[in-house]
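I have placed the structure first, in the form of structure tokens, so that the comments after it can refer back to it.
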Ligand code: ATP
Ligand code: MG
């Protein structure tokens, strides 16, 4: 089989070869090329030792020299070149162990996680496929290289990787591999939150976020996202809904773009429903779920070691996902002034996906109402109407000129002015606001 390698990769391989070493493209890039996809990056594996790699290229960076990885800069781009290795990085599922190098490509391929990731290629030898990766690729099967229980015991993250590749590629997990995950899922506890997060993210921004259900079935979510397990089977006995909370959530995720924050917000928007559910003669209610959901989202995302910006933005979308202002400008200004600016316009996509993941009951009405909200929001923005203290025609300095002393009084006065301007935008003129502020200040018994 012939694959098309980028010029830079060919060059790196031929330089290594002409210095007496073996070198191949390996792993994800070979897999993706066979699938006809554009590989995200190209990794090269070689019999050359790190010092030897460094000696034959002009520009190299010691990326992970301990693990045998050197970045070679060529044609303005960096390529990771790694010496054939025997060990994985995380042999006891927790601590990185010293790796040992080997002269055998076969041994290097044998330490890789799945058959479809354990193929190497160069123009001289063609495809090196010792474990049946190509056949599994053709049949859409994800299978461990070697004994699955052993491989998951070496590195428990591989269980997460199995599900993320299944979601990205729409592959089935081979039964023995699947059974091993089910048996060993608890070992994921030994893996760092950061490593779990990266695989989890790839799954939820994939074409198949519904694999979250499989992730629960094998027990993995019980380790890092037990909140998801609670959403499964949480019925919603109301005309607005047609699915349980997890079924609704999956549909909402499928309904938004494959964007990290949007998918996370869709995943978490109803996370508090199982905890806020009450039932009376009219059915189920979930009052307060956005407020509790915001809190829970912050906790979950911090636990998974997301960065602060992501935590703030996603949890804000969860808090505001259910807001439905009256379809008039004043009501919309009022609501929007309370919402963080950076969740627009994504919050509208989330709201739309939420509606479309519900039952058809009143769907048209809900969509029209949402469209009105969005149109009004757009026109408020276009006309530059004031919705925040920063948009006011006066500022802190003006308040001090009136005689208000520095500190919380100034903020309180500006807030009061903002409330008035939100009700009546024509008030947003410097002189008008100065007059109002003066009167308010004096009215409070100040001179
Ligand atoms: P992606 O396209 O998402 O980067 P990838 O297959 O390149 O997918 P990487 O995480 O970049 O995945 O890893 C590169 C290669 O290293 C894999 O294809 C696999 O051969 C090997 N590998 C990565 N992580 C592990 C692991 N935990 N255990 C065993 N082999 C692994
Ligand atoms: Mg990769």
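The values are calculated or read from the model by the stated rules, or taken from the named source; none is laboratory data. A quick note: this is a predicted structure, and the numbers were derived from the prediction, not measured. Counting neighbours? That spans all protein chains shown, and the Cβs are built from the backbone with ideal geometry, glycine included.
The table below lists the values:
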item	result
Unique residue being modelled with pLDDT of 95 or more and in contact with a strand residue (DSSP E or B) (Cβ under 6 Å, 6 or more places away or on another chain) when the list is 241, 285, 248	285
Residue within segment 66-76 that is assigned to a helix (DSSP H, G or I), modelled with pLDDT of 95 or more, outside the structural domain of residue 196 (by TED's automatic domain parsing) and within 14 Å of ligand 1 (Cβ to nearest atom) present	no
Test: residue in segment 2-17 that is within 12 Å of ligand 1 (Cβ to nearest atom), buried (at least 19 other Cβ atoms within 10 Å of the Cβ) and touching a residue at least 24 places away in the same chain (Cβ under 8 Å)	no
Filter result for residue 124 (modelled with pLDDT of 95 or more, outside any helix (DSSP H, G or I) and within 12 Å of ligand 1 (Cβ to nearest atom))	no
Residue satisfying condition, being part of a helix (DSSP H, G or I), within 18 Å of the chain's Cα centre (by Cα) and buried (at least 20 other Cβ atoms within 10 Å of the Cβ), within set 263, 251	263
Of all residues making up segment 22-52, the number that are crowded, with 16+ Cβ neighbours inside 10 Å and either closer than 28 Å to residue 134 by Cβ or within 16 Å of ligand 2 (Cβ to nearest atom) (or both)	21
Selected residue [within 13 Å of ligand 1 (Cβ to nearest atom), modelled with pLDDT of 95 or more and within 30 Å of residue 18 (Cβ to Cβ)] from 133, 146	133
Index of the failed condition, residue 17 passing every other in (1) assigned to a helix (DSSP H, G or I); (2) out of contact with any helix residue (DSSP H, G or I) (no Cβ under 8 Å at 6 or more places or on another chain); (3) farther than 12 Å from residue 123 by Cα	(3)
Subset of segment 385-442 [assigned to a loop (DSSP other than H, G, I, E, B) and farther than 13 Å from residue 337 by Cα]	393, 394, 395, 403, 404, 405, 406, 407, 424, 428, 429
Residue check, residue 207 more than 24 Å from residue 313 (Cα to Cα) and surrounded by fewer than 17 Cβ atoms within 10 Å (Cβ to Cβ)	no
Output for segment 22-62, where each listed residue is more than 14 Å from ligand 1 (Cβ to nearest atom) and part of a helix (DSSP H, G or I)	50, 51, 52, 53, 54, 55, 56
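So that you can scan it fast, the table gives a plain yes or no per residue for (1) touching a strand residue (DSSP E or B) at 6+ places or on another chain (Cβ under 7 Å); (2) surrounded by fewer than 20 Cβ atoms within 10 Å (Cβ to Cβ):
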{"residue": "149", "(1), (2)": "no, yes"}
{"residue": "156", "(1), (2)": "no, no"}
{"residue": "165", "(1), (2)": "yes, no"}
{"residue": "172", "(1), (2)": "yes, yes"}
{"residue": "175", "(1), (2)": "no, yes"}
{"residue": "190", "(1), (2)": "no, yes"}
{"residue": "194", "(1), (2)": "no, yes"}
{"residue": "217", "(1), (2)": "no, yes"}
{"residue": "223", "(1), (2)": "no, yes"}
